[in-house]
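Below is one structure, written out as structure tokens; the observations come after it.
The values are calculated or read from the model by the stated rules, or taken from the named source; none is laboratory data. Bear in mind that the values here come from a model prediction, so they are computed numbers and not experimental data. Cβ placement follows ideal geometry from the backbone for every residue including glycine, while neighbour counts extend to all protein chains displayed.
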Amino acid sequence: MCGIIGYIGKKNSVGKILIEGLKRLEYRGYDSAGLAIVQDNSILLRKTAGKITRLEEKVANLDISGNLGIAHTRWATHGKPTTLNAHPHSDCKGQIVLIHNGIIENYQTLKKSLQKDGHLFKTETDTEVLAHLIEQFYDGSRLEDAVQKALEVVEGTYGIIVISASEPDKMVAARNGSPVVVGVGENETFIASDVAAILQHTRQVIYLEDQQMVVATPEHFSTMTIRNERVEHIVQEVDWDLEMIEKGGFEHFMLKEIFEQPETIKNAMRGRLIDEYGISKLGGLNMSEEQLRKIERIVLIACGTSWHAALLGEYMIEEKARIPVEVEYASEFRYRNPIIEPNTLVMAISQSGETVDTLAAMREAMEKGARCMGICNVVGSTIARESQGGVYIHAGPEIGVASTKAFTSQITVLSLLALMLGRMRNISSSEGKDIISALREIPLQVEKILEKNDDIREISKKTCCHNNFLYLGRGANYPVALEGALKLKEISYVHAEGYPAAEMKHGPIALIDKNMPVVIICPRDNAYQKIIGNINEVKARDGIIIAITSENNDEIIDMADHVIFIPQTLDFLYPILASIPLQLMAYHIAVLRGCHVDQPRNLAKSVTVE
Ligand code: G6P
């Protein structure tokens, strides 16, 4: 949510670096953008409502060279997404300029007091108070001192980068609750909200912790706390490369990421399956076998698509390991005074590892003495760093705002966890081996589903004109229905609801008529006959049926309007396969309806504010 980038160094092309960086960050927010560049002891500041391309046009005929600058792409919280409210924001004299990701919670009190002192405010944002506060404490040298004093009185979350025209060789950044990564180059330093923005320049990075800051000059940088205590930093190497964050010939990142799934699912399993014993190994959990055996309850916390993965985790773990699992929205969990017993394991599931509610919920659980694990994609993210152990899903960068490959990798990892815990308790070696061989087939089976892309596009063409969709599934396919509906809502703005199939009779059936496509996930499992009942009920009310079912289940052809056949697998792995056609359908419907698939309105990839 909101992307920030800053550059200081020997290259004279700061404008170009900032615009390129913003384009890579655009998935974090895209309602307005702006940049500020230090030139001859003054600051060139340009901003605009709309996407980065509008900013690019605005500066196309300007000299945007220089060695120091900052830029921002916004996801509005306080103040409308207008040009005026876009970042960077400045002090009264336009000498101190800053960008911010987060929320200053006590901004109204601070604003009143600054106004009394004569500061003139230009915008409706919470961020502007920071610029004036720093101005209040600044004597024209040592910008970092003024920033520290300002942060002492600020309450809330921030990832900020600050520059001053009077110190054209210094960039100051600080973090509290919103991610900040420092890119280390040769005679240059980059600062950004995530590595995607700086990857083309360096893979050496430092992740700032909360209440830490960095002061960079062209030749040097140092890290400290916001109370000016020295901090030893650790430079880490990012293992993502540039190719991974480009579209690679696909029209959208979302489509590219859907098509990456045979590979990403394989990566989620790589090195973690031991065929001989029918077991899985998740070393990153940092727990001994004894500790794992003692787990009496698991709480999974997450938001959005990751929450749907958690629901699937509940089915998988309870079925295979017989450990009670609870799934909680992180945003609810953090304010609920949750019950944490000594043998409760809490797992925070988050693609980005930065979602503010998931992070806060995890901290709350640790505060109450829980052992907390992370299931994250982004290596070095805050949840990954602060948890006591965990599992990386290794899906590679996910840029499309609607999560796809991260979801299937999360459920793959959860199936490995279910297998691991199950083998310690409930399931035999031969069942473990069956699960492993089914898992090993999944990537190829996903490829087979992706080959049906054209057929799925045709079904989408026939149904994309409808404004309401219902998704139904039973058992573990109920979360798949929820996720299918969410994908459609997110990117095509079509109203869609996911329901447990049997619950259809308790409400949604009232909505069914010839204008209601109903997507039904109906594998040939032990609930198959029951779901056939649902299909007939929809049919009797003229609903349009799109069935996702197992190959060779030809009887369904006569009942459904459209059928998507997917390969057969174990019931508990079926959700991985069933999710793929639903992703493709959501994608095609959004494209056919002319929606901006990778940047859906009002959404952001990483929700770092409450
Ligand atoms: C946002 C994104 C979703 C994502 C959710 C949780 O809402 O748009 O795609 O599922 O955040 O994100 P996380 O990074 O914690 O998985």
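General remarks:
- Checked against the criteria, Ile301 counts as surrounded by 18 or more Cβ atoms within 10 Å (Cβ to Cβ), within 16 Å of the ligand (Cβ to nearest atom), in a strand (DSSP E or B) and touching a residue at least 60 places away in the same chain (Cβ under 8 Å).
- Evaluated against (1) within 16 Å of the ligand (Cβ to nearest atom); (2) under 24 Å from Glu441 (Cβ atoms), Leu573 falls short on exactly one condition, (1).
- For beta carbons closer than 9 Å, sequence separation of 6+ or different chains, a first residue in the stretch 380-393 that is under 24 Å from Gly183 (Cβ atoms) and a second that is among the aromatic types (Phe, Trp, Tyr) and within 14 Å of the ligand (Cβ to nearest atom), the qualifying pairs are Ala384/Tyr392.
- Filtering Gly380, Gly390, Gly475 for residues that are small (Gly, Ala, Ser), within 16 Å of the chain's Cα centre (by Cα) and either within 16 Å of the ligand (Cβ to nearest atom) or within 30 Å of Asp542 (Cα to Cα) (or both) leaves a single hit, Gly380.
- Residue among Lys448, Lys405, Lys461 that is within 13 Å of the ligand (Cβ to nearest atom), basic (Lys, Arg), at negative phi and touching a residue at least 60 places away in the same chain (Cβ under 8 Å): Lys405
- Listed by position, the strands (runs of 3 or more DSSP E) enclosed by the stretch 183-285 that each have at least 3 residues that are closer than 19 Å to Tyr7 by Cα and more than 23 Å from the chain's Cα centre (by Cα) are 212-216, 221-225.
- Residue check, Ser381 touching a strand residue (DSSP E or B) at 6+ places or on another chain (Cβ under 8 Å), surrounded by 24 or more Cβ atoms within 10 Å (Cβ to Cβ) and at pLDDT 95 or above: no
- Elements of type strands (runs of 3 or more DSSP E) contained in the stretch 1-100, each with 3 or more residues being of a type in the set (A, V, I, L, M, F, W, C) and touching a residue at least 40 places away in the same chain (Cβ under 8 Å): 3-9, 32-39, 68-74
- When Ile411, Ile436 are screened for being farther than 22 Å from Thr608 by Cα, more than 15 Å from the ligand (Cβ to nearest atom), buried (at least 19 other Cβ atoms within 10 Å of the Cβ) and hydrophobic (A, V, I, L, M, F, W, C), only Ile436 passes.
- Some residue of the stretch 532-542 being assigned to a loop (DSSP other than H, G, I, E, B) and not hydroxyl-bearing (Ser, Thr, Tyr): yes
- Residues located in the stretch 332-353, provided they are more than 20 Å from Ser409 (Cβ to Cβ) and in a strand (DSSP E or B): Thr344, Leu345, Val346
- Residues (surrounded by 21 or more Cβ atoms within 10 Å (Cβ to Cβ) and either touching a strand residue (DSSP E or B) at 6+ places or on another chain (Cβ under 7 Å) or hydrophobic (A, V, I, L, M, F, W, C) (or both)) located in the stretch 574-603: Ile576, Leu577, Ala578, Ile580, Pro581, Leu582, Leu584, Met585, Ala586, Ile589, Ala590, Val597
- Some residue of the stretch 519-534 being charged (D, E, K, R), modelled with pLDDT under 90, surrounded by fewer than 24 Cβ atoms within 10 Å (Cβ to Cβ) and farther than 18 Å from Ile576 by Cβ: yes
- Scope the stretch 352-377; condition over 27 Å from Arg203 (Cβ atoms) and within 9 Å of the ligand (Cβ to nearest atom); matching residues: Asp357
- Pairs with Cβ under 8 Å, 6+ apart, first in the stretch 592-610 and in a loop (DSSP other than H, G, I, E, B), second basic (Lys, Arg) and more than 12 Å from the ligand (Cβ to nearest atom): Gln599/Lys51
- Evaluation of Ala510 against (1) part of a loop (DSSP other than H, G, I, E, B); (2) without any contact (Cβ under 8 Å) to a residue 12 or more places away in the chain (one fails), failing number: (1)
- Set Leu421, Leu444, Leu450: member being at pLDDT 95 or above and either of a type in the set (D, E, K, R) or crowded, with 21+ Cβ neighbours inside 10 Å (or both): Leu421
- Within the stretch 534-561, the set of residues being touching a residue at least 60 places away in the same chain (Cβ under 8 Å) and under 32 Å from the mean Cα position of the chain (by Cα) comprises Ile546 only.
- Residue in the stretch 139-153 that is crowded, with 21+ Cβ neighbours inside 10 Å and assigned to a loop (DSSP other than H, G, I, E, B) present: no
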